[in-house]
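Step one of this worksheet: look at the structure below.
Nothing in this text is a laboratory measurement; each read-out follows from the coordinates by a stated rule. Bear in mind the structure is a predicted one, so any value in this text is a computation, not a measurement.
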Amino acid sequence: MFNLGNAATHLLAGVRYYIVKSSVKWNSSLGNPYANNLARKSYIEDQIVAFAESSGINLRGADSVDVVSTEHAGGTNPNAPNHVTVHFLIGGHHLTTKHIPV
């Protein structure tokens, strides 16, 4: 188990974190995704921020996001909508992984 430090203290005190667009980072292994389609990149980032708010991940202390895939379909469910895979982080440590529909 890692030390959550101030994040855990803030959670216990009822401080709510917010995922904001500037906290959404694209994993360096992806290079420069959507370099030729910045509107799509911005839309995806907006969807991630909206998901964080509506799902309650903010309440769990998530304070940043590492986007680890570009938009893709399927997975184990071939009928699943296109999505990106993201790691929600707290204090730089992995909190949870989610597929965000885009």
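Structure data summary
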quantity	calculated
Karplus 3J(HN,Hα) series, Hz, for the range 21-27 with 6.51 cos²θ - 1.76 cosθ + 1.60 (x for Gly, Pro)	3, 5, 8, 8, 10, 8, 4
Gyration tensor (Cα) of the range 46-92, equivalent ellipsoid semi-axes in angstrom	22, 12, 9
Those aspartates and glutamates that a straight Cα-Cα span of less than 15 Å connects to Lys21, excepting residues fewer than 8 apart in one chain	Glu45, Asp46, Glu53, Asp63, Asp66
Spatially proximal lysines relative to Lys98 (Cα-Cα < 16 Å; intrachain offsets below 8 disregarded)	Lys25
Under 5 Å, built H, 5+ apart or other chain: amide partners of Ser69	Thr85
